[in-house]
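A short write-up of the structure that comes next.
The values are calculated or read from the model by the stated rules, or taken from the named source; none is laboratory data. All of these numbers come straight from a predicted model, not from anything done at the bench. Here Cβ is always computed from backbone atoms with ideal geometry, including for glycine, and neighbour counts include all displayed protein chains. Surface accessibility is based on the protein's heavy atoms, side chains included, excluding ligands, DNA and RNA. Shrake-Rupley method; radii C 1.70, N 1.55, O 1.52, S 1.80 Å.
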Amino acid sequence: PRSKRLAGRHALVTAGPTREPLDPVRYISNHSSGKQGYAIAAALAAEGARVTLVSGPVSLRAPEGVDLVKVETARDMLKACEDALPADIFVSVAAVADWRPVKAADKKLKLKGEGKSPAIELTENPDILRTLSHKKKKRPALVIGFAAETHDLERHAQEKLARKGCDWIVANDVSGDVMGGLENEIALITKDGIDRWPRMAKEEVSARLAQKVSEALGRDRDG
Ligand code: C5P
């Protein structure tokens with residue numbers, strides 16, 4: 001068996017969607033299943049890392065040996081991530097809602113009568129990946145973002161690498177049946193270039209990514 005090359009390392013992983021309340025019974029969210037993020041958390045734990053998994057609402061069980069922190073909103077997710085620092089590795093897999101309603105009504109919104117619908121004003125959520133990438137003191141040594149794109153995958157991913165300040169981007173094409181599905185087809189984008197992987201199970205993507213992480217941090221440790 002392979003040695004546990006991430007022993008002594010702390011990995012922070014986000015997964016799933018966030019949920020942004022409109023009122024006590026309604027929210028804005030997305031279709032993220034959490035599968036890829038949970039699989040990555042499991043794979044990093046299998047390599048010996050201590051793993052904190054900060055997860056939005058999903059119907060998955062915590063992988064064995066992983067500390068699960070459940071959150072609802074993007075702001076909760078950012079707070080939970082900051083509380084979990086320091087970490088050696090941050091993998092930002094969550095499909096964080098880009099916007100939230102400016103105000104969550106404290107009572108259920110009511111129909112107002114014919115032709116009148118409530119206007120929902122939105123405001124931008126904090127960017128968790130960007131925030132952790134730009135930490136002065138507690139920036140994780142290796143920061144990995146995800147880029148779900150439907151077109152111009154690699155160009156957008158390259159831009160994202162720069163804009164978010166992360167070290168690697170895992171780009172995946174979500175124009176097909178990837179979201180919620182069992183398989184994923186990704187390209188790993190680093191400063192050194194692009195590595196396209198064939199389509200494979202999300203567990204397999206995770207195992208390979210965990211290996212790459214081990215290699216990268218192993219080099220740091222030895223060198
Ligand atoms: O900008 P975009 O949403 O495409 O970027 C995706 C990457 O940024 C993912 O790694 C996602 O987890 C992260 N992200 C974040 N906080 C946000 C939006 C995206 O951490 N508010």
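Output the number of the condition that Ile28 fails; it satisfies all remaining conditions of (1) more than 19 Å from Pro140 (Cβ to Cβ); (2) without any contact (Cβ under 8 Å) to a residue 40 or more places away in the chain; (3) within 16 Å of the ligand (Cβ to nearest atom); (4) of a type in the set (A, V, I, L, M).
All conditions are met except number (2).
Check Glu159 against each of (1) part of a helix (DSSP H, G or I); (2) within 13 Å of the ligand (Cβ to nearest atom); (3) modelled with pLDDT of 95 or more; (4) loosely packed, with under 15 Cβ neighbours inside 10 Å and name the one condition it does not meet.
(3) is the only condition that Glu159 fails.
Going by what's in this entry, would Leu182 be described as modelled with pLDDT of 90 or more and within 20 Å of Gly37 (Cα to Cα)?
Working: modelled with pLDDT of 90 or more: no; within 20 Å of Gly37 (Cα to Cα): yes.
So Leu182 does not fit the description; no.
Can you say whether Gly113 is of a type outside the set (Lys, Arg), more than 12 Å from the ligand (Cβ to nearest atom), open to solvent by 20 Å² or more (accessible area, probe 1.4 Å) and free of Cβ contacts under 8 Å to residues at least 12 places away in the same chain, as far as the supplied structure shows?
Working: of a type outside the set (Lys, Arg): yes; more than 12 Å from the ligand (Cβ to nearest atom): yes; open to solvent by 20 Å² or more (accessible area, probe 1.4 Å): yes; free of Cβ contacts under 8 Å to residues at least 12 places away in the same chain: yes.
Yes; evaluated as a whole, the condition is true for this residue.
Can you work out which of the residues in segment 162-195 that are near the ligand (Cβ under 9 Å from one of its atoms) and crowded, with 18+ Cβ neighbours inside 10 Å is farthest from Gln211 (Cα to Cα)?
Step one: list which residues in segment 162-195 are near the ligand (Cβ under 9 Å from one of its atoms), which gives 163-164, 166, 169-170.
Subsequent filtering for residues that are crowded, with 18+ Cβ neighbours inside 10 Å retains 164, 166, 169-170.
Working: Lys164: 23, Cys166: 18, Ile169: 15, Val170: 14 Å.
This residue is Lys164.
Please verify whether segment 62-71 includes one or more residues that are in contact with a helix residue (DSSP H, G or I) (Cβ under 6 Å, 6 or more places away or on another chain) and small (Gly, Ala, Ser).
Let us first name the residues in segment 62-71 that are in contact with a helix residue (DSSP H, G or I) (Cβ under 6 Å, 6 or more places away or on another chain), namely 63, 65-66, 69, 71.
The next check asks that each one be small (Gly, Ala, Ser); those that pass are 65.
Yes, segment 62-71 has at least one match.
When the residues of segment 56-92 are narrowed to those that are assigned to a strand (DSSP E or B) and within 12 Å of the ligand (Cβ to nearest atom), which ends up farthest from the chain's Cα centre (by Cα)?
First, pick out the residues of segment 56-92 that are assigned to a strand (DSSP E or B): 66-70, 89-92.
From the residues that got through so far, the ones that are within 12 Å of the ligand (Cβ to nearest atom) too are 90-92.
On the way: Phe90: 9, Val91: 6, Ser92: 3 Å.
Ranking the qualifying residues of segment 56-92, first place goes to Phe90.
Would you check if there is a residue in segment 15-26 being surrounded by fewer than 16 Cβ atoms within 10 Å (Cβ to Cβ) and of a type in the set (Val, Ile, Thr)? Let's see the steps before the verdict.
Looking only at segment 15-26, we keep the residues that are surrounded by fewer than 16 Cβ atoms within 10 Å (Cβ to Cβ), and these are 24-26.
Right, trim to of a type in the set (Val, Ile, Thr) and you get 25.
There is at least one residue in segment 15-26 that is surrounded by fewer than 16 Cβ atoms within 10 Å (Cβ to Cβ) and of a type in the set (Val, Ile, Thr).
Could you tell me which of the residues Pro126, Pro198 is in contact with an Asp or Glu (Cβ under 8 Å, 6 or more places away or on another chain), open to solvent by 20 Å² or more (accessible area, probe 1.4 Å) and in a loop (DSSP other than H, G, I, E, B)?
Numbers: Pro126 fails: in contact with an Asp or Glu (Cβ under 8 Å, 6 or more places away or on another chain).
Result: Pro198 is the single residue among Pro126, Pro198 that is in contact with an Asp or Glu (Cβ under 8 Å, 6 or more places away or on another chain), open to solvent by 20 Å² or more (accessible area, probe 1.4 Å) and in a loop (DSSP other than H, G, I, E, B).
For segment 136-156, give me each residue that is charged (D, E, K, R), over 24 Å from Cys81 (Cβ atoms) and either in a loop (DSSP other than H, G, I, E, B) or open to solvent by 80 Å² or more (accessible area, probe 1.4 Å) (or both). Quick ask: steps written out before the conclusion?
Here is the first cut: in segment 136-156, the ones charged (D, E, K, R) are 136-139, 149, 152, 154-155.
Of the ones still in play, those that are also over 24 Å from Cys81 (Cβ atoms) are 152, 154-155.
Hits for segment 136-156 are Asp152, Arg155.
Which one of these is over 12 Å from Gly165 (Cα atoms), among the charged types (D, E, K, R) and within 9 Å of the ligand (Cβ to nearest atom): Asp98, Asp152, Asp106, Asp127?
Numbers: Asp152 fails: within 9 Å of the ligand (Cβ to nearest atom); Asp106 fails: within 9 Å of the ligand (Cβ to nearest atom); Asp127 fails: over 12 Å from Gly165 (Cα atoms).
Exactly one residue qualifies, and that residue is Asp98.
Of the conditions (1) under 19 Å from Gly145 (Cα atoms); (2) open to solvent by 40 Å² or more (accessible area, probe 1.4 Å), Ala94 fails just one. Which one is it?
Among (1) under 19 Å from Gly145 (Cα atoms); (2) open to solvent by 40 Å² or more (accessible area, probe 1.4 Å), Ala94 violates only (2).
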